[in-house]
Amino acid sequence: MRRNLAETKRANVVTQHDIKLELDVRSQKLIEHKLCSSFPEAALLGEEGIAGDPQSDYRWVVDPIDGTVNFAYGIPHACVSIALQQRAKKRSPFAYADGYETLVGVVYDPFCNELWTALRGQPAKLNGKAIRVSRRAKLNEAIVSIGFAKNRETLEAMLPYFVELVQRVRKMRIMGAAALALTYVATGRFDAYIERGIRIWDIAAGGLILQCAGGDFWQKPSGPDHTYRMIASNGLLRRRLTVPD
Ligand code: IPD
């Protein structure tokens, strides 16, 4: 990602609000090869496709380049997001709708050299040091980040709420990399992050990192293909925020 940031990149698919790069696919292949040869028993669910045995109790959830549009334009705000999930044995408050819960989460920002890690039940870390969410409890002092996903329907559903919220918070931020927005909430840089129409590979690792940093990570399925509505916060702001249906 560092080597290619300023280069002209080949796009596989371009839509009005999204770009899929050939480098997304190459990055996933690289990650897939490492993970699947080291842990052949786990399946892999990635933004660029699946691998391994889908019946496995374990799966890697991979976004090989999160923040692809930033990266495509040479904006150094993008990351790699990898989670390990296990099929939850019984009803777990942490499980996603398809029954998997995250055990390990890793998010790496190669441009700032920041590596966030979390193991369920242990404190989340940034470059090896424990992190914690912010203590801001007032919306008018908060920085809230928002994502508009990729299609017109989501944009239209979110815009009225954005217009309302932007007047109540200190600042809204639209940074363009969901996994980094989650780790920024986990580190206390942002106080909350909301998005509708987000996909599981954008949030699986960052969601666990946030929970292990003392935050609140709420998600609910909102469509096919692992699509979710999500509210991530420091916990203190959770009830002051919503995400349109
Ligand atoms: C996207 C980014 C963006 C978010 C979208 C995601 P991608 O991921 O995280 O910030 O708003 O919902 O799909 O496509 O760059 O991996």
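Give the stretch 97-151 a look and list any residue that's more than 16 Å from the ligand (Cβ to nearest atom), in contact with a Gly (Cβ under 9 Å, 6 or more places away or on another chain) and open to solvent by less than 40 Å² (accessible area, probe 1.4 Å), or say none.
102, 118, 124, 131, 133, 134
Those residues that are assigned to a strand (DSSP E or B), open to solvent by 10 Å² or more (accessible area, probe 1.4 Å) and of a type in the set (A, V, I, L, M, F, W, C), I need them from the stretch 217-240; list them, please.
Hits for the stretch 217-240 are 217, 218.
Return the residues of the stretch 51-90 that are closer than 20 Å to residue 177 by Cα, outside any strand (DSSP E or B) and not hydroxyl-bearing (Ser, Thr, Tyr); say none if nothing qualifies.
67, 69, 70, 71, 72, 74, 75, 76, 77, 78
Under 9 Å between Cβ atoms, at least 6 apart or on separate chains: pull out the pairs that start in the stretch 140-155 with a residue that is under 15 Å from residue 19 (Cα atoms) and end on any residue that is away from the ligand (no atom under 11 Å from the Cβ) and in a helix (DSSP H, G or I).
Partner pairs satisfying both residue conditions: 148/159; 148/162.
All but one of (1) out of contact with any helix residue (DSSP H, G or I) (no Cβ under 9 Å at 6 or more places or on another chain); (2) among the aliphatic types (A, V, I, L, M); (3) buried (at least 24 other Cβ atoms within 10 Å of the Cβ) hold for residue 181, so report the exception by its number.
Unmet condition: (1).
For residue 93, are the conditions met, namely being farther than 23 Å from residue 200 by Cβ and either open to solvent by less than 50 Å² (accessible area, probe 1.4 Å) or assigned to a loop (DSSP other than H, G, I, E, B) (or both)?
no
Take the stretch 25-64 and flag every residue that is under 18 Å from residue 227 (Cβ atoms), in contact (Cβ under 8 Å) with a residue 12 or more places away in the chain and either among the hydrophobic types (A, V, I, L, M, F, W, C) or within 14 Å of the ligand (Cβ to nearest atom) (or both).
Matches in the stretch 25-64: 45, 46, 47, 48, 49, 61, 62, 63.
I'd like to check something: does the stretch 158-174 contain any residue that is under 18 Å from residue 204 (Cβ atoms), open to solvent by 50 Å² or more (accessible area, probe 1.4 Å) and among the charged types (D, E, K, R)?
Scanning the stretch 158-174, I find no residue that is under 18 Å from residue 204 (Cβ atoms), open to solvent by 50 Å² or more (accessible area, probe 1.4 Å) and among the charged types (D, E, K, R), so the answer is no.
The values are calculated or read from the model by the stated rules, or taken from the named source; none is laboratory data. This one's a predicted model, so the numbers in the text were calculated from it and none came from an experiment. Using ideal geometry, Cβ is built from the backbone for each residue, glycine included, and neighbour counts are taken over all protein chains shown. Heads up: the accessible areas ignore ligands, DNA and RNA and are worked out on the full protein's heavy atoms, side chains in. Shrake-Rupley method; radii C 1.70, N 1.55, O 1.52, S 1.80 Å.
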